[in-house]
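Take a look at the structure below.
The values are calculated or read from the model by the stated rules, or taken from the named source; none is laboratory data. A quick note: this is a predicted structure, and the numbers were derived from the prediction, not measured. Counting neighbours? That spans all protein chains shown, and the Cβs are built from the backbone with ideal geometry, glycine included. Each accessible area value is taken on the protein alone, full model and side chains, heavy atoms only, with ligands, DNA and RNA left out. Shrake-Rupley method; radii C 1.70, N 1.55, O 1.52, S 1.80 Å.
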Amino acid sequence: MKVSNFPIFTQKDVPSEAEVISHQLMIKAGMIRKLSSGQYTWLPIGLKIIKKIENVIRKALNHIGCVEILMPSVQPSELWKESGRWDQYGPELLRFKDRHDRDFCLGPTFEEVITDLIRKDVSSYKQLPLNLFQISSKFRDEIRPRFGVMRAREFIMKDAYSFHESQESLDSTYELYKSAYTNIFQELMLDFTIVDADSGNIGGNESNEFHVIAETGEDDLLLDNNLNGMNFEIAKLKYKENDIQSIIKDTGMVHKKGIEVGHIFKLGQKYSESMKAKITNKDSKIINMFMGCYGIGITRIVAAAIEQNNDEKGISWPKPLCPFDAVIIEIDGDKNIEIRKHSEDVYNSMLKNQLDIIYDDRKVSLGNKFKDWELIGLNNIIIIGKNESINKTVTYKNRKNETKEEMSIENMVNVVRG
RNA sequence: CGGGGUGUAGCGCAGCUUGGUAGCGCGGCUGGUUUGGGACCAGUAGGUCGUAGGUUCGAAUCCUAUCACCCCGACCA
(Lines give C-alpha, C1' and ligand atoms only; values in the text may rest on other atoms or scores of the structure.)
Protein backbone atom coordinates (compact mmCIF):
# COMPACT_ATOMS: atom_id res chain seq x y z
CA MET A 1 0.00 0.00 0.00
CA LYS A 2 1.04 3.57 -0.65
CA VAL A 3 0.02 6.35 1.68
CA SER A 4 -1.37 8.18 -1.34
CA ASN A 5 -3.98 5.40 -1.49
CA PHE A 6 -4.11 4.43 2.17
CA PRO A 7 -4.96 7.57 4.12
CA ILE A 8 -3.56 7.92 7.61
CA PHE A 9 -5.17 10.31 10.06
CA THR A 10 -2.55 11.10 12.66
CA GLN A 11 -2.90 14.21 14.77
CA LYS A 12 -0.82 16.03 17.37
CA ASP A 13 -3.48 17.10 19.82
CA VAL A 14 -5.92 14.81 21.47
CA PRO A 15 -9.42 15.66 22.75
CA SER A 16 -9.41 16.39 26.46
CA GLU A 17 -11.96 13.65 27.07
CA ALA A 18 -9.43 10.89 26.32
CA GLU A 19 -8.17 9.87 29.74
CA VAL A 20 -6.28 6.64 29.34
CA ILE A 21 -3.17 6.20 27.22
CA SER A 22 -4.69 3.68 24.83
CA HIS A 23 -7.60 6.00 24.04
CA GLN A 24 -5.26 8.95 23.48
CA LEU A 25 -2.91 6.98 21.26
CA MET A 26 -5.72 5.46 19.23
CA ILE A 27 -6.97 8.95 18.40
CA LYS A 28 -3.49 10.35 17.75
CA ALA A 29 -2.47 7.43 15.58
CA GLY A 30 -5.66 7.76 13.54
CA MET A 31 -7.16 4.39 14.47
CA ILE A 32 -10.57 5.57 15.65
CA ARG A 33 -12.87 8.58 15.69
CA LYS A 34 -15.83 9.04 17.98
CA LEU A 35 -19.32 9.21 16.52
CA SER A 36 -21.16 9.58 19.82
CA SER A 37 -20.78 8.35 23.38
CA GLY A 38 -19.42 4.81 23.25
CA GLN A 39 -19.53 4.56 19.49
CA TYR A 40 -16.47 4.72 17.29
CA THR A 41 -15.63 4.60 13.61
CA TRP A 42 -12.62 2.44 12.84
CA LEU A 43 -10.21 4.07 10.41
CA PRO A 44 -7.96 2.06 8.05
CA ILE A 45 -5.07 1.51 10.47
CA GLY A 46 -7.37 0.56 13.33
CA LEU A 47 -9.41 -1.80 11.21
CA LYS A 48 -6.26 -3.50 10.00
CA ILE A 49 -5.38 -4.40 13.57
CA ILE A 50 -8.88 -5.72 14.19
CA LYS A 51 -8.51 -7.97 11.16
CA LYS A 52 -5.21 -9.29 12.48
CA ILE A 53 -6.82 -10.23 15.78
CA GLU A 54 -9.82 -11.76 14.03
CA ASN A 55 -7.61 -13.98 11.93
CA VAL A 56 -5.66 -15.26 14.92
CA ILE A 57 -8.97 -16.14 16.54
CA ARG A 58 -10.41 -17.75 13.39
CA LYS A 59 -7.39 -19.95 12.99
CA ALA A 60 -7.42 -21.10 16.61
CA LEU A 61 -11.16 -21.83 16.59
CA ASN A 62 -11.11 -23.65 13.28
CA HIS A 63 -8.35 -25.73 14.79
CA ILE A 64 -10.70 -27.02 17.52
CA GLY A 65 -13.52 -27.62 15.07
CA CYS A 66 -15.47 -24.42 15.52
CA VAL A 67 -17.01 -23.00 12.36
CA GLU A 68 -17.99 -19.43 11.53
CA ILE A 69 -21.53 -18.17 10.95
CA LEU A 70 -23.12 -14.71 11.03
CA MET A 71 -26.35 -13.81 12.80
CA PRO A 72 -28.54 -10.68 12.49
CA SER A 73 -27.86 -7.89 14.97
CA VAL A 74 -31.54 -6.96 15.28
CA GLN A 75 -33.36 -9.65 17.22
CA PRO A 76 -37.10 -10.22 17.73
CA SER A 77 -38.38 -9.91 21.30
CA GLU A 78 -40.25 -13.21 21.12
CA LEU A 79 -37.05 -15.21 21.62
CA TRP A 80 -36.01 -13.06 24.57
CA LYS A 81 -39.43 -13.47 26.13
CA GLU A 82 -39.13 -17.20 25.68
CA SER A 83 -35.79 -17.33 27.49
CA GLY A 84 -37.06 -14.99 30.16
CA ARG A 85 -34.39 -12.37 29.57
CA TRP A 86 -36.69 -9.75 28.02
CA ASP A 87 -37.69 -8.90 31.59
CA GLN A 88 -34.38 -9.77 33.29
CA TYR A 89 -31.95 -7.88 31.11
CA GLY A 90 -32.48 -4.26 32.23
CA PRO A 91 -31.96 -1.07 30.24
CA GLU A 92 -28.66 -2.29 28.84
CA LEU A 93 -30.78 -4.05 26.26
CA LEU A 94 -31.64 -1.45 23.64
CA ARG A 95 -35.25 -2.06 22.61
CA PHE A 96 -37.35 -0.56 19.85
CA LYS A 97 -40.33 -1.28 17.64
CA ASP A 98 -40.56 -1.81 13.92
CA ARG A 99 -43.27 -0.27 11.70
CA HIS A 100 -45.69 -3.02 12.69
CA ASP A 101 -45.28 -2.12 16.35
CA ARG A 102 -43.41 -5.37 16.99
CA ASP A 103 -40.69 -5.35 19.68
CA PHE A 104 -37.06 -5.85 18.76
CA CYS A 105 -33.69 -5.34 20.41
CA LEU A 106 -30.12 -4.76 19.28
CA GLY A 107 -28.23 -7.93 20.10
CA PRO A 108 -25.91 -7.66 23.10
CA THR A 109 -25.32 -11.44 23.00
CA PHE A 110 -26.73 -14.28 20.96
CA GLU A 111 -27.78 -17.24 23.11
CA GLU A 112 -31.42 -16.87 22.09
CA VAL A 113 -30.78 -16.57 18.38
CA ILE A 114 -28.38 -19.46 18.15
CA THR A 115 -30.47 -21.70 20.39
CA ASP A 116 -33.40 -21.02 18.09
CA LEU A 117 -31.24 -21.86 15.09
CA ILE A 118 -30.00 -25.11 16.54
CA ARG A 119 -33.33 -26.37 17.91
CA LYS A 120 -34.78 -26.10 14.42
CA ASP A 121 -31.98 -27.98 12.70
CA VAL A 122 -30.63 -30.42 15.27
CA SER A 123 -32.68 -33.29 16.63
CA SER A 124 -30.25 -36.14 17.25
CA TYR A 125 -27.18 -36.75 19.39
CA LYS A 126 -25.55 -37.90 16.15
CA GLN A 127 -25.34 -34.25 15.07
CA LEU A 128 -23.45 -33.30 18.23
CA PRO A 129 -21.19 -31.93 19.52
CA LEU A 130 -21.54 -28.82 17.45
CA ASN A 131 -19.41 -25.66 17.64
CA LEU A 132 -20.24 -22.38 15.91
CA PHE A 133 -18.88 -18.88 16.24
CA GLN A 134 -19.42 -15.46 14.79
CA ILE A 135 -17.53 -12.19 14.75
CA SER A 136 -19.94 -9.28 14.81
CA SER A 137 -20.92 -5.97 16.35
CA LYS A 138 -22.74 -6.17 19.63
CA PHE A 139 -24.64 -3.35 21.28
CA ARG A 140 -24.98 -2.83 25.01
CA ASP A 141 -26.47 0.41 26.24
CA GLU A 142 -23.85 0.83 28.96
CA ILE A 143 -24.68 3.19 31.80
CA ARG A 144 -21.38 4.89 31.35
CA PRO A 145 -19.21 4.13 28.34
CA ARG A 146 -15.60 5.09 28.99
CA PHE A 147 -11.95 4.75 28.06
CA GLY A 148 -12.67 4.82 24.33
CA VAL A 149 -13.22 1.38 22.87
CA MET A 150 -12.41 -0.26 26.20
CA ARG A 151 -15.99 0.09 27.38
CA ALA A 152 -17.96 1.05 24.32
CA ARG A 153 -21.65 0.62 23.66
CA GLU A 154 -21.08 -0.79 20.20
CA PHE A 155 -18.16 -3.16 19.93
CA ILE A 156 -16.89 -6.16 18.01
CA MET A 157 -17.00 -9.47 19.80
CA LYS A 158 -16.33 -13.02 18.83
CA ASP A 159 -18.97 -15.24 20.38
CA ALA A 160 -18.93 -19.01 20.10
CA TYR A 161 -21.53 -21.53 21.22
CA SER A 162 -21.27 -25.28 21.74
CA PHE A 163 -24.03 -27.90 21.90
CA HIS A 164 -23.76 -31.30 23.52
CA GLU A 165 -25.62 -34.46 24.40
CA SER A 166 -24.09 -34.66 27.87
CA GLN A 167 -22.39 -32.70 30.62
CA GLU A 168 -19.20 -34.73 29.99
CA SER A 169 -19.08 -33.63 26.38
CA LEU A 170 -19.59 -30.01 27.45
CA ASP A 171 -16.87 -30.36 30.08
CA SER A 172 -14.28 -31.61 27.62
CA THR A 173 -15.20 -28.99 25.00
CA TYR A 174 -14.96 -26.28 27.67
CA GLU A 175 -11.38 -27.36 28.28
CA LEU A 176 -10.71 -27.20 24.54
CA TYR A 177 -11.84 -23.59 24.44
CA LYS A 178 -9.80 -22.80 27.50
CA SER A 179 -6.65 -24.03 25.79
CA ALA A 180 -7.59 -22.41 22.47
CA TYR A 181 -8.05 -19.08 24.27
CA THR A 182 -4.73 -19.52 25.99
CA ASN A 183 -3.11 -20.06 22.59
CA ILE A 184 -4.86 -17.03 21.14
CA PHE A 185 -3.72 -14.63 23.85
CA GLN A 186 -0.23 -16.09 23.79
CA GLU A 187 -0.06 -15.67 20.04
CA LEU A 188 -1.20 -12.06 20.42
CA MET A 189 1.68 -11.67 22.89
CA LEU A 190 -0.49 -10.27 25.64
CA ASP A 191 0.34 -10.48 29.33
CA PHE A 192 -2.80 -12.21 30.59
CA THR A 193 -4.23 -14.46 33.26
CA ILE A 194 -7.20 -16.79 33.66
CA VAL A 195 -9.42 -16.39 36.70
CA ASP A 196 -12.50 -18.02 38.16
CA ALA A 197 -15.51 -15.86 37.51
CA ASP A 198 -19.13 -15.24 38.08
CA SER A 199 -21.45 -16.18 35.25
CA GLY A 200 -23.53 -13.02 35.66
CA ASN A 201 -26.37 -12.32 33.31
CA ILE A 202 -25.50 -15.06 30.84
CA GLY A 203 -26.28 -17.84 33.27
CA GLY A 204 -24.84 -21.26 33.85
CA ASN A 205 -22.69 -22.90 36.43
CA GLU A 206 -19.00 -22.55 35.62
CA SER A 207 -17.05 -19.72 34.13
CA ASN A 208 -13.56 -18.38 33.58
CA GLU A 209 -12.43 -14.93 32.60
CA PHE A 210 -9.31 -14.06 30.60
CA HIS A 211 -7.79 -10.79 31.73
CA VAL A 212 -5.02 -8.66 30.29
CA ILE A 213 -3.13 -7.31 33.28
CA ALA A 214 -3.12 -3.51 33.17
CA GLU A 215 -3.25 -0.62 35.61
CA THR A 216 -6.16 0.91 33.74
CA GLY A 217 -8.22 -2.27 33.94
CA GLU A 218 -11.66 -1.90 35.45
CA ASP A 219 -11.77 -5.31 37.11
CA ASP A 220 -10.23 -6.30 40.43
CA LEU A 221 -8.39 -9.60 40.44
CA LEU A 222 -6.99 -11.55 43.34
CA LEU A 223 -4.06 -13.67 42.25
CA ASP A 224 -1.52 -16.02 43.78
CA ASN A 225 2.19 -15.98 43.00
CA ASN A 226 1.63 -17.77 39.71
CA LEU A 227 -0.98 -15.17 38.74
CA ASN A 228 -3.79 -17.69 39.07
CA GLY A 229 -6.84 -16.70 41.01
CA MET A 230 -10.29 -15.24 40.83
CA ASN A 231 -12.12 -12.02 40.24
CA PHE A 232 -13.28 -9.91 43.16
CA GLU A 233 -16.89 -11.06 42.88
CA ILE A 234 -15.91 -14.69 43.41
CA ALA A 235 -13.44 -13.80 46.17
CA LYS A 236 -16.18 -12.01 48.09
CA LEU A 237 -18.37 -15.10 47.96
CA LYS A 238 -15.59 -17.54 48.66
CA TYR A 239 -14.11 -15.74 51.66
CA LYS A 240 -17.34 -14.09 52.85
CA GLU A 241 -15.52 -10.77 52.96
CA ASN A 242 -16.28 -7.53 51.14
CA ASP A 243 -12.99 -5.73 51.59
CA ILE A 244 -10.12 -6.35 49.19
CA GLN A 245 -7.45 -5.50 51.74
CA SER A 246 -8.88 -8.01 54.23
CA ILE A 247 -8.93 -10.76 51.62
CA ILE A 248 -5.32 -10.01 50.71
CA LYS A 249 -4.36 -10.16 54.37
CA ASP A 250 -6.21 -13.41 54.96
CA THR A 251 -5.08 -15.26 51.85
CA GLY A 252 -1.73 -13.77 50.87
CA MET A 253 -2.98 -13.17 47.37
CA VAL A 254 -2.04 -10.05 45.40
CA HIS A 255 -4.40 -7.50 43.92
CA LYS A 256 -4.10 -6.66 40.21
CA LYS A 257 -6.24 -4.71 37.82
CA GLY A 258 -7.39 -6.57 34.73
CA ILE A 259 -9.07 -5.84 31.42
CA GLU A 260 -11.53 -8.61 30.68
CA VAL A 261 -10.86 -9.73 27.12
CA GLY A 262 -12.38 -13.19 27.19
CA HIS A 263 -15.05 -15.04 29.10
CA ILE A 264 -16.11 -18.67 28.80
CA PHE A 265 -19.22 -20.19 30.37
CA LYS A 266 -20.78 -23.57 30.86
CA LEU A 267 -24.40 -22.74 30.30
CA GLY A 268 -25.62 -26.25 30.95
CA GLN A 269 -29.31 -26.60 30.07
CA LYS A 270 -30.45 -23.11 31.00
CA TYR A 271 -31.38 -22.02 27.47
CA SER A 272 -32.20 -25.42 26.02
CA GLU A 273 -34.73 -25.83 28.80
CA SER A 274 -36.46 -22.49 28.51
CA MET A 275 -36.34 -22.57 24.72
CA LYS A 276 -37.02 -26.27 24.29
CA ALA A 277 -33.89 -27.19 22.40
CA LYS A 278 -34.18 -30.94 22.56
CA ILE A 279 -32.48 -33.93 21.00
CA THR A 280 -33.00 -37.66 21.10
CA ASN A 281 -30.07 -39.37 22.75
CA LYS A 282 -28.56 -42.83 22.31
CA ASP A 283 -31.14 -44.32 24.68
CA SER A 284 -33.98 -42.92 22.55
CA LYS A 285 -34.75 -40.47 25.32
CA ILE A 286 -35.62 -36.84 24.59
CA ILE A 287 -33.33 -34.50 26.54
CA ASN A 288 -32.39 -30.83 26.60
CA MET A 289 -29.06 -30.07 24.98
CA PHE A 290 -26.09 -28.96 27.06
CA MET A 291 -24.56 -25.68 25.99
CA GLY A 292 -21.46 -23.58 26.43
CA CYS A 293 -20.68 -20.08 25.28
CA TYR A 294 -17.35 -18.40 24.75
CA GLY A 295 -16.68 -14.71 24.13
CA ILE A 296 -13.68 -12.61 23.14
CA GLY A 297 -13.86 -8.81 23.04
CA ILE A 298 -11.95 -8.02 19.88
CA THR A 299 -12.11 -4.24 19.94
CA ARG A 300 -11.27 -4.31 23.63
CA ILE A 301 -8.14 -6.34 22.87
CA VAL A 302 -6.89 -3.51 20.67
CA ALA A 303 -7.06 -1.08 23.60
CA ALA A 304 -5.67 -3.63 26.05
CA ALA A 305 -2.70 -4.36 23.78
CA ILE A 306 -1.89 -0.65 23.57
CA GLU A 307 -2.11 -0.28 27.34
CA GLN A 308 0.64 -2.91 27.52
CA ASN A 309 2.71 -1.78 24.54
CA ASN A 310 3.45 1.93 24.44
CA ASP A 311 6.32 4.30 25.05
CA GLU A 312 7.10 8.01 24.76
CA LYS A 313 6.99 7.79 20.97
CA GLY A 314 3.60 6.14 20.78
CA ILE A 315 2.38 2.61 20.25
CA SER A 316 4.91 -0.20 19.98
CA TRP A 317 3.05 -3.13 18.47
CA PRO A 318 4.01 -6.70 19.17
CA LYS A 319 4.67 -8.34 15.82
CA PRO A 320 1.37 -10.26 15.48
CA LEU A 321 -0.67 -7.08 15.89
CA CYS A 322 1.50 -4.72 13.88
CA PRO A 323 -0.60 -3.23 11.06
CA PHE A 324 2.23 -3.49 8.51
CA ASP A 325 5.41 -5.55 8.31
CA ALA A 326 7.39 -2.41 7.51
CA VAL A 327 7.14 1.15 6.26
CA ILE A 328 9.22 2.65 3.48
CA ILE A 329 10.04 6.23 4.32
CA GLU A 330 11.07 8.02 1.16
CA ILE A 331 13.02 11.26 1.36
CA ASP A 332 12.46 13.77 -1.44
CA GLY A 333 10.95 11.24 -3.81
CA ASP A 334 8.73 13.92 -5.26
CA LYS A 335 11.76 15.95 -6.34
CA ASN A 336 14.26 13.31 -7.37
CA ILE A 337 13.18 10.78 -9.98
CA GLU A 338 16.05 8.41 -9.06
CA ILE A 339 14.94 8.25 -5.44
CA ARG A 340 11.34 7.66 -6.49
CA LYS A 341 12.39 4.92 -8.87
CA HIS A 342 14.55 3.18 -6.26
CA SER A 343 11.74 3.36 -3.69
CA GLU A 344 9.35 1.79 -6.17
CA ASP A 345 11.87 -0.97 -6.85
CA VAL A 346 12.32 -1.71 -3.15
CA TYR A 347 8.58 -1.59 -2.61
CA ASN A 348 7.92 -4.03 -5.45
CA SER A 349 10.59 -6.46 -4.38
CA MET A 350 9.16 -6.49 -0.83
CA LEU A 351 5.69 -7.15 -2.21
CA LYS A 352 7.13 -10.02 -4.23
CA ASN A 353 8.47 -11.41 -0.96
CA GLN A 354 4.92 -11.50 0.48
CA LEU A 355 5.57 -8.66 2.88
CA ASP A 356 2.75 -6.29 3.84
CA ILE A 357 4.33 -2.90 3.22
CA ILE A 358 3.20 0.69 3.55
CA TYR A 359 5.17 3.06 1.31
CA ASP A 360 5.07 6.65 2.56
CA ASP A 361 5.17 8.64 -0.68
CA ARG A 362 3.82 11.83 0.89
CA LYS A 363 5.41 15.19 0.20
CA VAL A 364 6.21 15.92 3.85
CA SER A 365 9.50 16.20 5.69
CA LEU A 366 11.44 13.26 7.03
CA GLY A 367 10.78 14.16 10.65
CA ASN A 368 7.04 14.20 10.10
CA LYS A 369 7.13 10.74 8.54
CA PHE A 370 9.23 9.35 11.38
CA LYS A 371 6.96 10.79 14.03
CA ASP A 372 3.85 9.44 12.33
CA TRP A 373 5.08 5.87 11.91
CA GLU A 374 6.63 5.70 15.34
CA LEU A 375 3.33 6.93 16.76
CA ILE A 376 1.40 4.34 14.76
CA GLY A 377 3.84 1.79 16.12
CA LEU A 378 5.63 0.10 13.22
CA ASN A 379 8.90 -1.45 14.29
CA ASN A 380 10.58 -1.90 10.89
CA ILE A 381 11.41 1.38 9.20
CA ILE A 382 13.05 1.45 5.77
CA ILE A 383 14.63 4.76 4.79
CA ILE A 384 15.31 5.59 1.16
CA GLY A 385 16.97 8.87 0.17
CA LYS A 386 19.74 10.10 -2.04
CA ASN A 387 22.48 7.87 -0.61
CA GLU A 388 20.41 4.72 -0.82
CA SER A 389 19.28 5.43 -4.37
CA ILE A 390 22.89 5.88 -5.49
CA ASN A 391 24.14 2.79 -3.62
CA LYS A 392 21.05 0.74 -4.51
CA THR A 393 20.65 -0.04 -0.82
CA VAL A 394 18.25 0.83 1.98
CA THR A 395 18.77 2.07 5.52
CA TYR A 396 16.99 -0.12 8.03
CA LYS A 397 15.91 1.38 11.32
CA ASN A 398 14.45 -0.52 14.25
CA ARG A 399 11.95 1.42 16.34
CA LYS A 400 12.45 -0.58 19.52
CA ASN A 401 16.21 -0.72 19.81
CA GLU A 402 17.00 2.41 17.77
CA THR A 403 19.57 0.70 15.56
CA LYS A 404 20.15 2.13 12.11
CA GLU A 405 22.09 0.38 9.36
CA GLU A 406 22.55 0.66 5.62
CA MET A 407 22.16 -2.72 3.93
CA SER A 408 21.20 -4.52 0.75
CA ILE A 409 17.58 -5.05 -0.15
CA GLU A 410 17.96 -8.83 0.32
CA ASN A 411 19.36 -8.45 3.83
CA MET A 412 16.63 -6.01 4.75
CA VAL A 413 13.92 -8.42 3.57
CA ASN A 414 15.39 -11.11 5.80
CA VAL A 415 15.57 -8.76 8.76
CA VAL A 416 11.94 -7.68 8.29
CA ARG A 417 10.84 -11.30 8.03
CA GLY A 418 12.53 -11.81 11.39
C1' C B 1 -30.51 7.86 38.30
C1' G B 2 -27.51 10.95 42.34
C1' G B 3 -23.18 14.39 42.67
C1' G B 4 -19.64 17.51 39.85
C1' G B 5 -18.02 19.78 35.27
C1' U B 6 -17.70 21.34 30.03
C1' G B 7 -19.99 23.07 25.27
C1' U B 8 -16.50 29.46 21.43
C1' A B 9 -12.87 27.45 13.83
C1' G B 10 -10.80 20.41 12.49
C1' C B 11 -7.98 19.84 17.68
C1' G B 12 -6.32 22.39 22.32
C1' C B 13 -7.91 26.74 24.70
C1' A B 14 -8.68 32.38 26.13
C1' G B 15 -12.70 35.87 26.33
C1' C B 16 -17.88 35.46 30.48
C1' U B 17 -16.79 37.92 36.97
C1' U B 18 -17.91 43.86 35.33
C1' G B 19 -22.94 43.12 28.39
C1' G B 20 -20.49 47.20 23.46
C1' U B 21 -15.74 45.11 16.57
C1' A B 22 -14.91 36.96 17.56
C1' G B 23 -9.34 35.96 19.67
C1' C B 24 -4.63 32.77 20.42
C1' G B 25 -1.68 28.14 19.52
C1' C B 26 -1.71 23.79 16.54
C1' G B 27 -3.76 22.02 12.00
C1' G B 28 -5.61 23.44 6.55
C1' C B 29 -4.71 26.17 1.83
C1' U B 30 -1.31 29.50 -1.53
C1' G B 31 3.63 31.37 -2.60
C1' G B 32 8.75 31.40 -1.41
C1' U B 33 13.17 29.71 1.27
C1' U B 34 14.26 24.93 3.41
C1' U B 35 14.68 19.47 3.81
C1' G B 36 18.92 12.65 6.71
C1' G B 37 14.22 13.66 13.09
C1' G B 38 7.52 17.30 13.97
C1' A B 39 11.59 23.82 9.66
C1' C B 40 10.96 29.23 8.57
C1' C B 41 8.75 33.66 6.35
C1' A B 42 4.62 35.99 4.03
C1' G B 43 -0.34 35.64 2.82
C1' U B 44 -5.22 33.25 3.17
C1' A B 45 -9.65 30.47 4.29
C1' G B 46 -12.52 28.71 8.22
C1' G B 47 -17.24 30.54 13.73
C1' U B 48 -25.69 30.22 13.56
C1' C B 49 -20.15 31.23 20.43
C1' G B 50 -24.55 23.52 21.51
C1' U B 51 -30.05 24.72 20.78
C1' A B 52 -34.55 27.53 21.99
C1' G B 53 -36.67 31.40 24.50
C1' G B 54 -36.21 35.75 27.75
C1' U B 55 -33.99 40.57 29.83
C1' U B 56 -31.62 44.78 27.23
C1' C B 57 -30.75 50.13 22.69
C1' G B 58 -27.19 46.03 22.46
C1' A B 59 -25.91 39.08 24.73
C1' A B 60 -20.38 34.43 23.72
C1' U B 61 -21.05 37.25 28.43
C1' C B 62 -27.05 37.99 32.52
C1' C B 63 -31.80 34.71 33.29
C1' U B 64 -34.86 30.19 32.05
C1' A B 65 -35.46 25.71 29.60
C1' U B 66 -33.41 21.95 26.79
C1' C B 67 -29.72 18.83 24.29
C1' A B 68 -24.89 16.78 23.94
C1' C B 69 -20.32 15.35 26.03
C1' C B 70 -16.92 14.26 30.22
C1' C B 71 -15.64 12.87 35.47
C1' C B 72 -17.10 10.33 40.45
C1' G B 73 -20.81 6.64 42.21
C1' A B 74 -24.36 2.67 41.52
C1' C B 75 -24.45 -1.30 37.09
C1' C B 76 -22.08 -4.62 33.64
C1' A B 77 -20.06 -10.09 28.53
If we count every other residue with Cβ under 14 angstrom of A:I337's Cβ, Lys/Arg +1 and Asp/Glu -1, where does the sum land? -3
How much of the calculated P(r) for region A:1-99 lies past 19 Å, in percent of all Cα pairs? 65 percent
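With a 1.4 Å probe and every protein chain kept in, tell me what percent of the accessible surface of region A:324-417 is carbon plus sulfur.
Working: 2110 of 4480 Å².
Carbon plus sulfur share of accessible area: 47 percent.
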Roll a 1.4 angstrom probe over the protein heavy atoms and tell me the percent of accessible area of region A:1-88 that is carbon or sulfur. 54 percent
Distance between the C-alpha centers of region A:125-154 and region A:22-48? Whole Å please. 19 Å
Over the residues of region A:182-289, compute the C-alpha Rg and express it relative to 2.2 N^0.38 Å. 1.34
Accessible area of region A:145-283 with a 1.4 Å probe: how many percent of it is carbon plus sulfur? 44 percent
Classify region A:324-417 as rounded, prolate or oblate from the Cα gyration tensor: take a ≥ b ≥ c as the square roots of its eigenvalues, call it rounded if a/c is under 1.5, otherwise prolate when a/b beats b/c and oblate if not. rounded
Under a crude label model (7 Å from the Cα following the beta-carbon direction), how far is A:M407 from A:E54 in nanometres? 3.3 nm
Heavy-atom accessible area per residue, region A:324-417, 1.4 Å probe: how many Å²? 48 Å²
Arrange the peptides A:139-145, A:56-62 so that the one whose residues have, on average, the most other Cβ atoms within 10 Å appears first. A:56-62, A:139-145
In order through region A:216-231: 3J(HN,Hα) via Karplus (6.51 cos²θ - 1.76 cosθ + 1.60), integer Hz, x for Gly, Pro: 7, x, 9, 9, 9, 10, 10, 10, 8, 5, 8, 6, 9, x, 8, 7
So for each of A:106-116, A:209-219, A:290-300, A:240-250 I average, over its residues, the number of other beta carbons within 10 Å; can you give me the resulting order with the highest mean first? A:290-300, A:106-116, A:209-219, A:240-250
With label points set 7 Å from each Cα along the Cα-to-Cβ direction at A:E92 and A:E206, the distance between them in nm comes to 2.4 nm
Model label zone, A:D345; criterion: amide N under 18 Å from point 7 Å along Cα-to-beta-carbon; scope region A:321-337: A:328-337
Dividing the alpha-carbon radius of gyration of chain A by 2.2 N^0.38 Å (N being the number of residues), what value is obtained? 1.13
11 Å beta-carbon shell around A:Q167, net charge (K/R +1, D/E -1): -3
Between region A:336-387 and region A:227-250, the alpha-carbon center distance in angstrom: 52 Å
Provide the per residue accessible area, probe 1.4 Å, for region A:139-181, rounded to a whole number of square angstrom. 38 Å²
Of A:K178/A:K400; A:K158/A:K249; A:K34/A:K313; A:K97/A:K158, those spanning more than 29 Å from alpha-carbon to alpha-carbon: A:K178/A:K400; A:K158/A:K249
